[in-house]
Amino acid sequence: MENYPNQSPVDREINVNPSIVLSCKISADGFIEYINHSFSEVSGYEEFEIIGESMDVLRHPDVPQIIYEILKERLSKNEPIKLITKQLAKDGRFFWLLSEYESKLNDAGELIAHYSHSVAAPTFAVHKISSLYKILSKIESKSGNTEVSKRYLIGFLEERNMNYNQFIEELCIHQPKFEQQIQPQITNPIQSNIQPDPILQKQNRPRLNDLTYNANLDLTNSNRIHSPINSPKTKKKKSLLKKVFGK
């Protein structure tokens, strides 16, 4: 991609309309294959400019590397994940998104693509997550790798007795009523086998899964997006990334 003159980060936020959904299709190896009109408008990229580019073009330096490692790990295992991330627009401004990622398999069960569906991240959640990201980024800057930040994140979640997905859900549930985002209604959702979270059902609050994916994404004839099949619990030591998610 050509180097856009204003692509270096600037401290100016783009306020994302809370009623829109930003959709993106990503190849198995991390390249952008499709963005909908809402994503194009918010990011400032026209479709021809960003299609075929790496997702790295949207990475904001304020998001610690460990978060992207967690995302990559989950997607490689065909496991859904929710993230709150600060994204970098074409002109250097930033915007915060609450995103849900799902994977698509072909008939042979091979991973061929990922889909992200995003909405404006709640203000309360951004405030809380940005504080955590600052700590993780400073740890990575000091240590020069993600091993130490990974251990810190595990301790952070263990103290709260939850995994990463639960932490993100809690941030978006326990926000002041006056800060709750307006959620669009379901009009044409993409079918998914993701099972409802019993914890969230008790809270009786809206989830990102309930948002419409009506975002000019013509995927109705695509292969079905598959959710991961629950696997038996491992009796031996779990990897650090698995501990993050309580697997």
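Over 31 Å between Cα atoms, which of K104/K138; K82/K134; K104/K134 qualify? Let's see the in-between values first.
On the way: K104/K138 35 Å; K82/K134 19 Å; K104/K134 33 Å.
In this structure, K104/K138; K104/K134 lie more than 31 Å apart at Cα.
Please compute the length gained on full extension between D29 and H127, using 0.36 nm multiplied by the number of residues separating them and subtracting their Cα-Cα distance.
Numbers: separation 98, 0.36 × 98 = 35.28 nm, distance 3.15 nm.
So the extension gain works out to 32.1 nm.
With the crude spin-label approximation of a point 7 Å out along Cα→Cβ, what separation in nm comes out for D11 versus A108?
Going from the D11 label point to the A108 one covers 5.2 nm.
Under 18 Å from a point 7 Å along the Cα-to-Cβ line of D62: which residues of segment 114-128 have their amide N that close?
119-128
None of the figures in this text is laboratory data; all of them are computed from the coordinates on show. Model, not experiment: these values are computed from the prediction. Heads up, the Cβs are rebuilt from the backbone with ideal geometry, glycines too, and the neighbour counts pull from every protein chain shown.
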